[in-house]
Structures are given as C-alpha cells and as structure tokens.
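Structure record follows, encoded as structure tokens.
The values are calculated or read from the model by the stated rules, or taken from the named source; none is laboratory data. Note that the structure is predicted; figures quoted are calculated from it, not measured. Reconstructed Cβ throughout: ideal geometry from the backbone, glycine too, with neighbour counts over all protein chains shown.
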Amino acid sequence: MVKKRLLIIVMHIVIWILFLSLPALLAPYTGHLTFADFRKDFFHITSLIKSGYLVLVFYLNYFLLIPRLFFRKRFIYFILTITIATGLLICINAYLIVSDRSHYRMYEHGDLFYLFMFISVYFLAFALSYYDQWKRDLKRLNAEVAFLRAQINPHFLFNTLNSIYSLALTKSDDTSDAVIKLSAIMRYSLTESKKKYVNLAEEITYISNYTDLQRLRLTEKVKVETIYEGDLKTEKIAPMLLMPFIENAFKHGVSPEEESDIKIHIGLNSRVLKFTVINNKVYIQKSGGNIGHSIENTRQRLALLYPNNYKLAIRENDETFEVNLQIDLS
C-alpha cells in the first residue's frame, strides 16, 4: 500500500515536470536550445508563479471543487469558481508581463499557451475525477451484488417456516401474525432492498419483524431486548445496513443449552443514528471468532455510502460481542 502511494506521488511529480516544461521547451530561441537556456526559463520567477498556480488549480478542483460541487450538481457555484480562477489567471499574467519585461521571449507565445495549459489542467482534473468515480461505482456495485446475494438468509427462512409450522400444529393464535411478518420481511427483502435509500422507520419495522420471528424459535433462556428511540420517520438510510450485525448476534449468541442476552438499541438524535448490538458468545460459538463475510460487506457499504460520516467499533472478548455504529445521516 505504501509502495503504491509512493509510486503515485512519483508519477505525479514526473508528469508535472514534463507538463510544466512545455513553455520553456517551445519558447522561441535565436539558436539551438541549451540546457542553460531551459533551466533559466523553467526556474524563472514568472514561470514558477504560473506553474504553481496551475498546480493549485488542478488539485483544488480534483480534491475539492469537482467532487463537492460538480458531482453534487451545484453547477452555478462550480461555474463561479471557474470564472474566478480564469480572472486570477488573467490578472497574474498581466502583472507578470508588466513587472518583468526582461523575460519577453516567454511571452511571445505565453498568453495563449498558458491559457491552453489552464484548460488542459481542468480537463485532466475532470478525467481523473471521473475515473475515480468510476472505480468507486464499481466497488459499490460489487458490494451491492454481494449484499443482494446474501440478503435472504436461507437458514432463517427454514427455521421460521418450521416455527410457523409448529404454531400451526398447535393451532396457536400467533400463526397468522407470524405469517404476515414473514411475508413483510420477504417483500421488503425483494423490493425495498433494491433502493439506494429507504425510510429509517421502514428499516426499523423490518428489524422488528425479524426479531419477533426469531423469538418464535427461542427458549426462555434467551432474552432479547430491543429499544428504539427518536423520531425515526424523518430520516433515510441504506436498506438492510444494520441487519448483518443483528443476524450475527442471533447466530453467535443463541444456544438451546445456555442462557444468553441479546440487546439491540437504535436511537436517532440530531440526524445522527446510534446503533448498538450486544450479545453473549455461547459456548458452541466461542471457538469461532469470525464475524463473517456479511459484516465485512457491510463495512464496504458503509465506506462507500457514508464516507467520513460513520464510526464503527466492534469489540469482543471470550464472553461478549459488541457492535457500536454511529452514522451522520445529514
């Protein structure tokens, strides 16, 4: 990883040296171009100022303006930044010409050529930004495909059907309610999960239905506590983003032979979602210590959908497994 970053930095430096050498290489000379002439023109104060400005424009657009303004469709503000940058280029060029006529050879073609380089800098910034965006979209697509493949857990489905079958045999009043909740889960998994964002309240309903159906197969030795706080109808969230952590709790925290607790807390305060899941690690699972592919996929989805807007902490020891997730939904 370090070698890759170092290679990228070296490539940037080499490309900039070649690109910024063009004015000196193409300037009109009375005789043959010598290295002394090239060095004098390349390191002249006027060349360094213009070169520094081009570098500043490139990285300012590449890292900040294009991602924050253009890709977010704030086109008026982005056009305003281009206008300001062009105006500054004209002012810098005019000031340098007036203040340093001794470097006239560079100005015989410099005005138009530096304008061409200025336009080229924007073109390169756009090209690299779109390439980075394409790579991010590709990673997101791969993560979403993995997510869609894993969204319906067959073990949960089979266990739930067996539980409903047992309720039906005993003619329990809970049978119809269980069927309705399973139907809602399947419908949500097949339809809402295809959306990029869903109402947080719908996600909570899905989680509530899931935990209620899990309780059908659990004995009194397993205590499941769920707490939902805040106005959950006001925000949106990526679908089924929290489920892998909850599924993990039921997978690693339930045993017919041991007493165990599963605690799920979801709260919303000032557009910040706080999500906590704590479960005991039952004896048959203690040797595993593997949080599974689904949670790793969730890490990727969080990084892609909420970059720099989430905090995920997973703590575990021999007895408990705890997940703390905080997402800024604004």
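The table below lists the values:
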item: Filtered residues of the range 219-229 (kept if surrounded by fewer than 18 Cβ atoms within 10 Å (Cβ to Cβ) and either touching a Lys or Arg at 6+ places or on another chain (Cβ under 9 Å) or closer than 17 Å to Val277 by Cβ (or both)); result: Lys223, Glu225, Thr226, Ile227, Tyr228, Glu229
item: Filtered residues of the range 246-272 (kept if within 25 Å of Lys236 (Cα to Cα) and in a strand (DSSP E or B)); result: Lys263, Ile264, His265, Ile266, Gly267, Leu268, Asn269, Val272
item: Positions within the range 154-180 being over 15 Å from Met243 (Cβ atoms) and surrounded by 17 or more Cβ atoms within 10 Å (Cβ to Cβ), in sequence order; result: Ser163, Ile164, Leu167, Thr175, Ala178
item: Residue within the range 152-166 that is at pLDDT 80 or above, in the same structural domain as Thr298 (by TED's automatic domain parsing) and among the β-branched types (Val, Ile, Thr) present; result: yes
item: Out of Leu241, Leu216, sole residue that is among the hydrophobic types (A, V, I, L, M, F, W, C), farther than 19 Å from Tyr306 by Cα and in contact with an Asp or Glu (Cβ under 9 Å, 6 or more places away or on another chain); result: Leu216
item: Single match in Leu218, Leu200, Leu182 (criterion: in contact with a helix residue (DSSP H, G or I) (Cβ under 8 Å, 6 or more places away or on another chain) and not polar (S, T, N, Q)); result: Leu182
item: Residue pairs meeting the criteria (Cβ under 7 Å; at least 6 apart or on separate chains; first in contact (Cβ under 8 Å) with a residue 12 or more places away in the chain, in the range 200-223; second surrounded by fewer than 18 Cβ atoms within 10 Å (Cβ to Cβ) and of a type in the set (D, E, K, R)); result: Leu200/Lys236; Ala201/Lys233; Glu202/Glu192; Lys221/Glu258; Lys221/Glu259; Lys223/Asp261
item: Qualifying residues in the range 282-320 (those that are modelled with pLDDT of 75 or more and in contact with a helix residue (DSSP H, G or I) (Cβ under 6 Å, 6 or more places away or on another chain)) - the one farthest from Leu138 (Cα to Cα); result: Tyr310
item: Yes/no for Ser183 being modelled with pLDDT of 80 or more and part of a helix (DSSP H, G or I); result: yes
item: Top-ranked residue of the range 46-97 - restricted to ones that are over 18 Å from Ala125 (Cα atoms) and either under 20 Å from the mean Cα position of the chain (by Cα) or touching a residue at least 24 places away in the same chain (Cβ under 8 Å) (or both), ranked as surrounded by the fewest Cβ atoms within 10 Å (Cβ to Cβ); result: Leu88
item: Helices (runs of 4 or more DSSP H) enclosed by the range 6-100 - at least 1 residues per element that are modelled with pLDDT of 75 or more; result: 22-26, 45-60, 75-99
